[in-house]
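The values are calculated or read from the model by the stated rules, or taken from the named source; none is laboratory data. In this text the structure is predicted, and so the values were computed from the model without any measurement. All Cβ positions, even for glycine, are placed from backbone atoms using ideal geometry, and neighbour counts span all protein chains on display.
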Amino acid sequence: MDMGDAAAAGMSARYLVPAEVPIVIATIFREHGTTGVHTHFWQLRNYLDGQGISTSLVTPFSWGGLLTRAVFAGRFVLVRISGPASVVWYRHWHEFFLRRALRRHLAGLGDCVIYAQGPMEARAALRARRGPHQRIVIAVHFRYSQADEHTEPGREIKRDGLLFRSIRRMEREVILQADGLMYVSEWARSALLSWLPEAAAVRSTVITNFVAASPAAQAELQPIADLVTTGKLEIRKNHRFLFEVLAEAKRAGRTLTLDVYGQGELKGELGRLSRLMGLEGQVRLRGFRSDVRDFLPGYRAYVHAASAETSSLAIIEAMAAGLPIFAVGLEPIRELCTDGVEARFWQLDDPAKAAAMLMDLLDNEAARLKAGAAALERFRRDFDANAVGMRLYAFICDSSPTA
């Protein structure tokens, strides 16, 4: 056995825990979807399946059948009448149906760990579990608080309003009862502790998001386009800035192409914006593709313009494909890649400067390939499921019940 094999074996031994500990993943989302939370728990499930460790997934749709869909449809009516009322409806009924599903599922289990994908899921688990032997670990994907996410531009509630404070009060109660907190970034930990310092007393760890290695990373693909970005088509992802960068490059004499993968409420608006800016033929809205990772190596760089993140699975997937990264230098992004090495950080207030930065790298093939190779190396070291997956499983299983 060489040193590399010995190190790998040592790491496996260090994090190996009894496989008979059942892991129940609880989420308010549907089983399949396009969010980073979906990617997080499916990557974990796929990794554990590869290790011969089974998991179960419980959602609000695991109980109630057609009744679930009929109740959830009520939100589409409420959102036109009252934003806060639609938020209350969404949160109450998703938690209600998830709690019923968990109660039925957990009744047939003894000791287990419920891996809750947020505070709502954790409260449902606290109310459904059979006792403290069924432990609860919360994944902290959210920024500051889920209440903050409902106050983003175009969202439904007012910051510091009655509903905002109610959500935070619930989170405080639930988080402090958890048996463990799993933060997806150091920034997420700092953000939560900034308003809930008592959470420092809960057993916790920081384990970054991860994905399986891309089998196409070394493949020779025909060029698809210059640039690519993936993610939900929403205001926070700031696709408009990417269009402005392309427009600035065009004014400088360069016609760059961009493929946008994802679905969302802004699809129609983005199509109109690309036409208004004269980017027809340069921007393609490709919709959602479950196999998008297979195509990533066919691009020259990954571009990202989100104005807020907790982490970014999209960037991790692009690094797995060996792509250099262009992104805003937010603290969570700085935990994933380094300016001038795997990435180039740009400012959202200067699309002309961003366009010049982009063209400089694309015009220097040696530098582009070097940045892409560094991205792939960083992925293999820090974000490959084989390097990270067992650490997460070990933490989940090793969370002792809270007194």
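Exactly one residue out of Gly340, Gly287 is modelled with pLDDT under 95 and at positive phi, and it is Gly287. Quick test for you: out of Arg143, Arg123, pick the one residue that is part of a loop (DSSP other than H, G, I, E, B) and of a type in the set (Lys, Arg). Matching residue, one of Arg143, Arg123: Arg143. Annotation note: of Ala355, Ala366, the sole residue that is in contact (Cβ under 8 Å) with a residue 60 or more places away in the chain and not β-branched (Val, Ile, Thr) is Ala355.
In the set (1) over 24 Å from the mean Cα position of the chain (by Cα); (2) over 18 Å from Phe326 (Cβ atoms); (3) modelled with pLDDT of 95 or more, the condition left unmet by Ala252 is number (2). Of the strands (runs of 3 or more DSSP E) lying entirely inside the stretch 168-241, those carrying at least 3 residues that are of a type outside the set (S, T, N, Q) and in contact with a helix residue (DSSP H, G or I) (Cβ under 9 Å, 6 or more places away or on another chain) are 180-183, 225-230.
If you go through the stretch 384-394 and keep only what is surrounded by fewer than 22 Cβ atoms within 10 Å (Cβ to Cβ) and hydrophobic (A, V, I, L, M, F, W, C), you end up with Ala385, Ala387, Val388, Met390, Ala394.
Count of the stretch 137-189 residues, restricted to those that are free of Cβ contacts under 8 Å to residues at least 40 places away in the same chain, more than 22 Å from the chain's Cα centre (by Cα) and surrounded by 19 or more Cβ atoms within 10 Å (Cβ to Cβ), is 1.
A quick yes/no check of all residues on (1) over 18 Å from Phe243 (Cα atoms); (2) in contact with a strand residue (DSSP E or B) (Cβ under 8 Å, 6 or more places away or on another chain); (3) not polar (S, T, N, Q):
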| site | (1), (2), (3) |
| --- | --- |
| Ala305 | no, yes, yes |
| Ser311 | yes, no, no |
| Ala318 | yes, yes, yes |
| Leu323 | yes, yes, yes |
| Gly329 | yes, yes, yes |
| Ile333 | yes, yes, yes |
| Cys337 | yes, yes, yes |
| Trp346 | no, yes, yes |
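Look at Ile53 and say whether it is without any contact (Cβ under 8 Å) to a residue 12 or more places away in the chain and part of a loop (DSSP other than H, G, I, E, B). Steps first, answer last, please.
Details: without any contact (Cβ under 8 Å) to a residue 12 or more places away in the chain: no; part of a loop (DSSP other than H, G, I, E, B): yes.
Spelling it out, it is not the case that Ile53 is without any contact (Cβ under 8 Å) to a residue 12 or more places away in the chain and part of a loop (DSSP other than H, G, I, E, B).
Which ones in the stretch 54-86 are modelled with pLDDT of 90 or more and among the β-branched types (Val, Ile, Thr)?
Filtering the stretch 54-86 down to residues modelled with pLDDT of 90 or more leaves 55-63.
Within the stretch 54-86, Thr55, Val58, Thr59 qualify.
Within the stretch 70-91, residues that are in the same structural domain as Met120 (by TED's automatic domain parsing) reach partners that are of a type in the set (S, T, N, Q) and assigned to a helix (DSSP H, G or I) with beta carbons closer than 6 Å, at six or more positions or on different chains, in the pairs Arg75/Ser86; Leu78/Ser86; Val79/Ser86. Pairing residues of the stretch 322-344 that are of a type in the set (S, T, N, Q) with residues that are not in a loop (DSSP other than H, G, I, E, B), at Cβ distances under 9 Å and at least 6 apart in sequence or on separate chains, gives Thr338/Ala374; Thr338/Arg378. Of all residues in the stretch 290-308, those that are within 14 Å of the chain's Cα centre (by Cα) and at pLDDT below 90 total 1. Out of curiosity, is Ala249 of a type outside the set (Val, Ile, Thr) and assigned to a helix (DSSP H, G or I)? Yes, satisfied. In this structure, is Arg123 charged (D, E, K, R), at pLDDT 95 or above and within 16 Å of Pro22 (Cα to Cα)? In short, no.
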